[in-house]
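The values are calculated or read from the model by the stated rules, or taken from the named source; none is laboratory data. All of these numbers come straight from a predicted model, not from anything done at the bench. Here the Cβ is made from the backbone with ideal geometry for all residues, glycine too, and neighbour counts use every protein chain on show. Surface areas here come from the heavy atoms of the whole protein model, side chains and all, with no ligands, DNA or RNA. Shrake-Rupley method; radii C 1.70, N 1.55, O 1.52, S 1.80 Å.
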Amino acid sequence: MSTITLTVNGEPHRLEVPPMKRLLDVLREDLQLTGTKEGCGEGECGSCSVLLNGDLVNSCLVPVLQTEGATITTIEGVADLAGPGERLHPIQQCFLEHGGAQCGICTPGMILATHHLLEKYPQPDLSQIQEGLAGNLCRCTGYTRIFAAVQAAARMEGSK
Ligand code: FES
Ligand code: FES
């Protein structure tokens, strides 16, 4: 076992965990943050995406050992990125309003990938959206509504 200290959604944690345990499993099992989903478990689908020190990563591929001292944001912490007391981040609101989620398995990862994309390109064109979400697969929506949700979120953020 190893002692790992990390900050998740603004809360510091000190954990005794096997060093090679996947970050995905630490989040879901040790911290009960079950919003992060497992799809493929092989780094292909993006369902398990989280922000690790501001970078988008597949948490199924990250041994917790590599997160010592890191700052992590999961879907449970996204609303707080919009400001204290917010119930939904504008990206979440736009996914809701534009039908960007159906079964919901891909949605937490899509929302974190969208957040990462809009940090880089506040007003992305369609090809930037397609590229920014290329690592996140959706079996349900056909992507059109997801892309519409991302465009709406960019407009909402841009009008602030
Ligand atoms: S579960 Fe991690 S990329 Fe699919
Ligand atoms: S909403 Fe079902 S996989 Fe995307």
Helix axis angle, 107-120 relative to the chain longest principal axis, alpha carbon, degrees = 70 degrees
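With the radius of gyration and the Kirkwood radius both derived from the Cα set of segment 95-160, what is their ratio Rg to Rh?
Working: Rg = 10.7 Å, Rh = 11.6 Å.
Reported Rg/Rh, Kirkwood definition of Rh: 0.93.
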Where the only charges are on Cβ atoms (+1 Lys, Arg; -1 Asp, Glu), what is the dipole of segment 79-158 about its Cα centre, to the nearest 20 debye?
-> 220 debye
More than 20 Å apart: what percent of Cα pairs in the chain qualify?
-> 47 percent
Report, to the nearest 10°, how far helix 144-158 tilts away from the longest principal axis of the Cα atoms in the chain, using its own Cα long axis and a range of 0 to 90°.
-> 90 degrees
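Using the crude model of +1 on Lys and Arg Cβ and -1 on Asp and Glu Cβ, and no other charge, please compute the dipole size for the chain relative to its Cα centre, in debye to 20. Walk me through the numbers before you get to the answer.
Details: 11 positive and 18 negative charges, 65 e Å.
Computed charge dipole of the chain: roughly 320 debye.
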Tell me, what % of the accessible area of the chain is carbon and sulfur with a 1.4 angstrom probe?
-> 49 percent
Of the candidates Q130, V50, P18, the farthest towards the positive dipole end of the chain (Lys/Arg Cβ +1, Asp/Glu Cβ -1, centred on the Cα centre) is Q130
Among H115, H89, H13: highest mean-square fluctuation, GNM of the chain, C-alpha pairs under 10 Å | H13
